[in-house]
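A short reminder: the numbers here are calculations on the coordinates, not readings from a lab. Given the structure is predicted, the values throughout are model-derived calculations rather than measurements. Using ideal geometry, Cβ is built from the backbone for each residue, glycine included, and neighbour counts are taken over all protein chains shown.
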Amino acid sequence: MLERLDKRPNDLSAFWMPFTANRQFKQAPRMLVAAQDMHYTTDDGRKVLDGTSGLWCVNAGHCRPKITEAIREQAGKLDYAPAFQMGHPIAFEFANRLVDVAPEGLDHVFFTNSGSESVETALKIALAYHRVKGEGSRTRLIGRERGYHGVNFGGTSVGGIVNNRKMFGTLLTGVDHLPHTHLLTKNAFSRGEPEHGVELADELERIVALHDASTIAAVIVEPVAGSAGVLIPPKGYLKRLREICDKHGILLIFDEVITGFGRLGTPFAADYFGVVPDIMTTAKGVTNGVIPMGAVFVRKEIHDAFMTGPEHMIEFFHGYTYSGNPIACAAGLATLETYKEEGLLNRGEELGAYWENALHSLKDAPHVIDIRNIGLVGAIELEPIPGQPTKRAFSAFLKAFENGLLMRTTGDIIALSPPLIITKDQIDEIVDQVRKALNAID
Ligand SMILES: Cc1ncc(COP(=O)(O)O)c(C=O)c1O
């Protein structure tokens with residue numbers, strides 16, 4: 001059976017692929033059938049270097065034996081157990097281990113199955129928290145232009161990517177957006193955090209002045225925006241947001257779905273920037289991407305605010321059938337062990353300077369108008385072809401894949417986020433491949 005599925009299926013029509021140019025794909029499929037460590041294998045037997053950790057999730061590299069074994073063992077022991085009014089030890093164990101690596105003060109965990117669900121959960125916790133505290137008028141949510149917070153209605157509403165929003169009606173009402181922080185003319189080719197733009201955080205004061213703080217529940221931002229093309233916060237920006245939120249009693253939510261678990265060279269972006277949010281959403285790297293799972297971290301005061309009322313009553317009417325799924329928890333525990341044993345949560349710091357220099361060596365490559373980097377994240381922004389946005393980067397993506405590198409593009413931006421086990425030679429290989437692809441396209 002598995003043998004047969006290593007071959008290309010003869011009909012690709014039934015699967016409506018997510019976030020994919022379906023017609024283009026099905027004419028010229030790019031099919032992955034196996035993976036190990038830093039590489040995928042295609043159905044025609046080629047090795048492809050994974051420059052994107054799958055979708056920003058396989059932080060420890062592919063098919064790591066400890067994780068695979070933990071899943072196999074758990075599947076044969078306790079495959080599923082409900083987490084509503086029932087418990088299984090591994091979910092508690094995993095929550096405890098997660099809290100150990102989380103930024104100081106984020107000491108409770110709510111399990112979900114994806115980044116999108118983590119975001120919905122965080123927004124609902126924020127709204128309900130104010131209500132249980134007697135501040136039920138705080139219902140407004142603030143996102144940011146070019147933010148990506150998954151695809152469910154709450155996340156789409158606070159998100160700021162027009163193509164993700166425009167087809168879906170009015171979305172949630174009572175949502176405002178901060179301006180994005182991508183100041184290309186002032187900050188192009190910055191290394192790490194850009195110099196200009198801290199004042200963009202002050203836009204939150206403008207929104208507060210317009211609506212009054214008593215109506216605002218929470219601000220949600222990605223510490224480093226990923227899906228909108230790797231937008232790195234200007235120096236001091238996140239600290240300023242934290243200060244304004246504190247001043248007005250507004251909760252600060254960091255969406256760390258891609259920045260969590262070592263991506264910036266620290267366990268979380270909150271550690272990197274020295275700014276601890278009130279709620280932190282994660283997914284992806286929590287299980288090395290192997291089993292769907294998300295985890296929302298909250299401060300003790302938020303959790304404890306719910307622990308009132310009759311003790312037989314459910315405190316928070318929210319949860320998923322698979323919250324804390326035992327197999328996902330087993331994968332997560334083995335993932336955390338792998339991260340720890342191999343120092344992966346800090347490896348981005350060790351390799352950061354090499355990565356930065358390697359990426360910025362592409363400054364003179366064709367079409368490049370900006371290069372950005374932080375931790376083990378990089379972006380190369382291309383001049384769009386007039387009248388045909390996204391086409392140039394997509395051509396580069398296709399060419400790179402043909403030559404043996406998987407990268408990701410969003411708009412005309414190439415985003416890179418390799419597994420944290422990458423070697424210096426493999427960093428060089430990524431950069432060579434990107435140059436080769438840019439040389440080959442119009
Ligand atoms: C910051 C952020 N939030 C949420 C999500 C949604 O995660 P998922 O695709 O697991 O629902 C993503 C996915 O890329 C993300 O980057």
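Couple of notes before you dig in:
- Here the contact order of segment 68-341, divided by its residue count and restricted to Cα pairs under 8 Å and six or more residues apart, works out to 28 percent.
- Of all beta bridges that DSSP places with both ends in the chain, some 65 percent have antiparallel geometry.
- Within the chain: Cβ-based charge dipole about Cα centre, in debye rounded to nearest 20 (Lys, Arg +1; Asp, Glu -1): 1020
- Segment 96-177: C-alpha gyration tensor shape, a/c 1.5 cut-off, then a/b vs b/c: oblate
- Environment charge of Ile385, counting only residues whose C-beta is closer than 12 Å and scoring Lys/Arg +1, Asp/Glu -1: -1
- Considering helices alone, the calculated mean residue ellipticity of the chain at 222 nm is -11000 deg cm²/dmol, with DSSP H runs of length four and up weighted by -39500 (n - 2.57) and normalised per residue.
- C-alpha center-to-center spacing [segment 269-305, segment 387-430] in angstrom: 28
- Per-residue packing, averaged as other Cβ atoms within 10 Å, sorts the ranges 285-295, 168-178 into the order 285-295, 168-178, beginning with the highest.
- Per-pair calculated FRET efficiency, R0 = 41 Å: Asp425 and Arg23 via Cβ, rounded to 0.05: 0.65
- Shown in residue order for segment 149-166 are the 3J(HN,Hα) couplings computed by the Karplus curve 6.51 cos²θ - 1.76 cosθ + 1.60 at θ = phi - 60°: 10, x, 10, 7, 5, x, x, 5, 5, 7, x, x, 10, 4, 5, 7, 10, 5 Hz (x for Gly and Pro).
- For segment 248-331, a/c is not less than 1.5, where a ≥ b ≥ c are the root eigenvalues of the C-alpha gyration tensor, and a/b does not top b/c. That puts it in the oblate class.
- Shape call, the chain: gyration tensor on alpha carbons, a/c limit 1.5: oblate
- Each part gets one Cα centre, and for segment 65-108 versus segment 246-265 those centres are 22 Å apart.
- Gaussian network model of the chain, springs between alpha carbon atoms under 10 Å - residue of Phe153, Phe19, Phe84 with greatest fluctuation: Phe19
- Using R0 = 30 Å, the C-beta based FRET efficiency linking Glu341 and Arg46 works out to 0.45.
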